[in-house]
1. Just one of the numbered conditions (1) hydrophobic (A, V, I, L, M, F, W, C); (2) over 23 Å from Val165 (Cβ atoms); (3) surrounded by fewer than 19 Cβ atoms within 10 Å (Cβ to Cβ); (4) in contact with a Leu (Cβ under 7 Å, 6 or more places away or on another chain) is not true of Ala96; which one?
2. Of all residues in segment 53-79, count the ones that are aromatic (Phe, Trp, Tyr) and touching a Ser or Thr at 6+ places or on another chain (Cβ under 8 Å).
3. When segment 138-156 is examined, which residues are found to be assigned to a helix (DSSP H, G or I) and out of contact with any Asp or Glu (no Cβ under 9 Å at 6 or more places or on another chain)?
4. What is the number of the single condition among (1) of a type outside the set (Val, Ile, Thr); (2) in a loop (DSSP other than H, G, I, E, B); (3) under 23 Å from Ala40 (Cβ atoms); (4) without any contact (Cβ under 8 Å) to a residue 24 or more places away in the chain that His242 does not meet?
5. Given the structure, is Asn47 of a type in the set (S, T, N, Q) and surrounded by 19 or more Cβ atoms within 10 Å (Cβ to Cβ)?
6. Looking at Ala223, Ala159, can you tell me which residue is farther than 18 Å from Ala138 by Cβ and not basic (Lys, Arg)?
7. Quick check on this structure: which one of Leu193, Leu230 is within 16 Å of the chain's Cα centre (by Cα) and closer than 18 Å to Glu112 by Cβ?
8. Name the residue, out of Ile133, Ile74, Ile84, that is β-branched (Val, Ile, Thr), closer than 22 Å to Arg59 by Cα and in contact with a His (Cβ under 7 Å, 6 or more places away or on another chain).
Amino acid sequence: MLPFADTHVHLLPGRDDGPLTVDEALAMCRLLVAEGVRHAAALAHQNPSYPTNDAAALRTAVADLQPLLAARQIPLQLYPSGEIMLGPDFIDQWKAGRWLTLGDAGHALLVEMPHGQFLDLLPLADYFRPLGIRLVVAHAERYPELLFDPGLAQRWIAAGCLLQVSTSALAEPWDHTTEQALKDWAVGGFIHLLGSDGHGIDRRRPLFRQGYQQLVRWVGRAAAERIAVLWGGAILQGLPIHVPLPRPPRRTWFHRLFG
């Protein structure tokens, strides 16, 4: 079985809108293992709605959960991580040590947009690049400004950003237009990491394999494994990954819709 790496899953009980209890978190971990996942970014939201979720608190939550997996023989390695909402004080909070890097490896920050907003990441990417830190766009498929603008996505990637896509969006796209745009991303090399974005057992289950299989259908097994296994595992362990510049589709989403 391939050792999939889930780079986005809410596993820390009581820390955000993910699992409420330890038992639910453990059940999610069992489900991830059944999906073929062996490495997981165990994270929680870092935003104003969860003011106690600083880096130290999330590290402690993972340190408490990992031994429980070992005791129950659940073969899943957890990597402390935060899903950080962009905001005007982002750099100040970074300097204060509040943000937790992806995998606590010091090489990548998993960021999401403020609710209802879309911000240009280039200035922030330019700030962090000399520090050896990349920005990873969490659930990148949610932002139509990015998904349907391959030129913008290409500029962000050229600046060092990585695009993470949710496996549920690959497995069950919202509509045909989104499905075609995601296929264009996959074929063009815009997708770098996969995350289940799992939040619980009864809602937003941490499903991974079906999204991976869709990626296999679109780009072949070798490319899908590079994303779901090699690059995902490397980013969680703080190892360097070198992604080629993507190849934008020949026809834009506008032309596909209106000819």
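1. (4)
2. Result for segment 53-79: 0.
3. Within segment 138-156, Ala140, Glu141, Pro144, Glu145, Leu146, Gly151, Ala153, Gln154, Arg155 qualify.
4. Looking at each condition in turn, His242 falls short on (3).
5. Criteria not met by Asn47.
6. It is Ala223.
7. Leu193
8. On inspection, the qualifying residue turns out to be Ile133.
The values are calculated or read from the model by the stated rules, or taken from the named source; none is laboratory data. Computed from a predicted structure; not experimentally measured. All Cβ positions, even for glycine, are placed from backbone atoms using ideal geometry, and neighbour counts span all protein chains on display.
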